[in-house]
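To keep things clear, I will list the structure first and then write my remarks on it.
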C-alpha cells in the first residue's frame, strides 16, 4: 500500500511518503550516491558533536541541529544480499536487534546466473531435445513396416518369474 | 499402443476399456470428498485466500504449492519417465504400464495447474502467463509455470491415441504415431527442466532455507528423486489397480522398474551426502535440530528401498509394494522438508496447513482418482490380457 502510494507520489514530483512525513529525518530520501555522502559526512564527525540533520530529502534545506551518534562501522544494506537501495546507519549492531546475518551475494543473482548459463540461447535444452528426438526416431524406424519380427518381447522367459508371488 | 504401437503390436499387448459400473461405494465416497472440496473452493474464491488458508506474509506458500504442485508434478513425471523408458530405450517389457502412467501424469499436471490457480492471489491476472510481453524469462517460477503448461499439452497429445482408438479414428492415429517421437522426446526435456527448476528455487531463497536443504548439485538431487518417485508411482499404481480390479500383477515388469529405481536412489544418496560434504554442512546434520531429525528420517526412507529390493526376496510383490511406497514417501518428504520444514523466513512466522487447505488438497487427490477410474472404465488404457501371466506364474 505505502509502496503504491510512493509510486504515485514520485509521479507528481514528490517522494517516498515515509521520508516526507518523518519529523526527525531518521528516514531520508535521495539517490544512493548522495545518501552515501551524507553517511560519510556523519561518520567523519566526532561522536557527541553538534551538526545539522536534513529532514525529508537528502541535502534538503529543512534541517535541524542535533548531536552526532556513535555509529557502527558497517553500513547495513551496503553489501547485504548483493547490496540494497536502502542504507542503514545505526548506533546499535543489528545482531543485537535479532536481525539475521546476511551473505553478500544475492541469491537471486546466483539463480539468474544459473538460469542464464543453463538456458543460454536455449542451446542446452534444444541440444538435449535433439539428441532424444534422434534416438527416439531411430528406434521408431526399423520396426515400422512389419510388426512381428522386429522386437521380440525380451522378458518372456527370464526365469525369475516363478514362485515369488504370494 | 499410442506412440508405442510399433513395439506394442510386437508384444501383442492390447488395451481395452474395462467397463463396469461407474457408481460404486468407493466412487460415491470420493464424490462426497470432491463435493466438500467444491464448497471450500467456492469459499476461497468468494471470500479470498485468507478465508481458507493459514498462509501469511512469512509463509506465502504452503501445502497447496508443495504437495499439489511440487509433489504432484514429480509423481506425474512418471508418465514421461515410463514413456522415455519404453519408447527411447524401446524396451517392450514396460508397455502395459505406459497408458496408466501417462494418464496419471496428465491428472497430476492438471491437479498442479488447478492448485496454482487456487493459490495465486490475483487469479484474474493468470492469463498474463500466456502473453510474452509479461514474461520475465529469468524467473524460475515463470519457468515452472511454462513447463507445467507445456507438459500438460504434451501429455494431452501423448494420450490422444487412446481417444482416437476408442472412436475408431485409426488413420489419424497412424499419422500421429509418425510424429509421436518428437513429443516423447520433448516431454522428457520439459520434465527435466521443470524438476531441476525446483532445485533452483531453493537457491533464490538463499539464507531462508536451512543449509542442510540448500544445494549446489542443482538438477541432480531433484531429478533423481523425481525419477525414483515416478517409478514408485507406476509400481504402486500397478499393484493397486491389480488388487482393486482383480487383475494379475505385472510383478516381473514392476520388479525391473524398481531395480532401476534402486540404482537411481543409490545415486541420489551418494549425491546428497557428497553435496553436504562439499559445502561443509555435514557437521550440521549431527546437531539435534528439527531439520536434522527430518533429514535422517528422510534419508533412512531413501535408503530403505535399497535394502528391501536386495536379492531374490526383493522381487516379491509385497516387497516391491513396500519399497515403492517408501520410495514415494521419501521423495515427498524431501520436498516437504526442503520447502516447509527447512524454510525459515524470520522470527515470529509459523505455518501449519489449515483444514480448508487440507480439504482442497485431499479433494484434488479424490478428483484425480475419480477421473482415473472413469477413464480406465471408458477408454482403452489398461491391458486387456496379461502378457507374462501365462509364463510368469507358477
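Laboratory data are not the source of any read-out in this text; all were calculated from the coordinates shown. Quick caveat, the model's predicted, so the values are computed rather than measured. Neighbour counts are summed over all protein chains in view; Cβ atoms, including those assigned to glycine, are modelled from backbone coordinates with ideal geometry.
Listing for the model above:
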read-out	value
Among B:346, B:19, B:58, residue whose mean-square fluctuation peaks in a GNM of chain B (springs only between Cα atoms under 10 Å)	B:346
Descending Cα extents along the principal axes, segment A:47-106, whole Å	37, 23, 16
Backbone N under 20 Å from the residue A:72 label point (7 Å along Cα→Cβ), restricted to segment B:341-356	B:345-348
Descending semi-axes in whole angstrom, ellipsoid equivalent of chain B, from the Cα gyration tensor	34, 26, 21
Span from the segment B:296-310 Cα centroid across to the segment B:145-190 one, whole angstrom	35 Å
Calculated P(r) tail over 25 Å for segment B:210-342, as whole % of Cα pairs	28 percent
Three-way shape label, segment A:3-105, alpha-carbon gyration tensor, a/c 1.5	oblate
Globularity index of segment B:280-379, i.e. its alpha-carbon radius of gyration over 2.2 N^0.38 Å	1.45
Average projection area in nm² (convex hull over Cα atoms of segment B:103-246, one quarter of hull surface)	12.2 nm²
Virtual spin-label span in nm between residue A:120 and residue B:216, 7 Å along Cα→Cβ	2.0 nm
At 1.306 mPa s and 10 °C, Stokes diffusion of segment A:23-69 via Kirkwood alpha-carbon radius, µm² per second	147 µm²/s
If the convex hull is drawn through the Cα atoms of the protein assembly as shown, its volume per residue in Å³	183 Å³
Nearest 10 degrees, 0 to 90: helix B:251-278 Cα axis against chain B principal axis	20 degrees
Residue-averaged 222 nm ellipticity for chain B, from DSSP H runs of 4+ at -39500 (n - 2.57), nearest 500	-22000 deg cm²/dmol
Ascending count of other beta-carbon atoms within 10 Å, so fewest first, for A:137, B:127, B:64	B:127, A:137, B:64
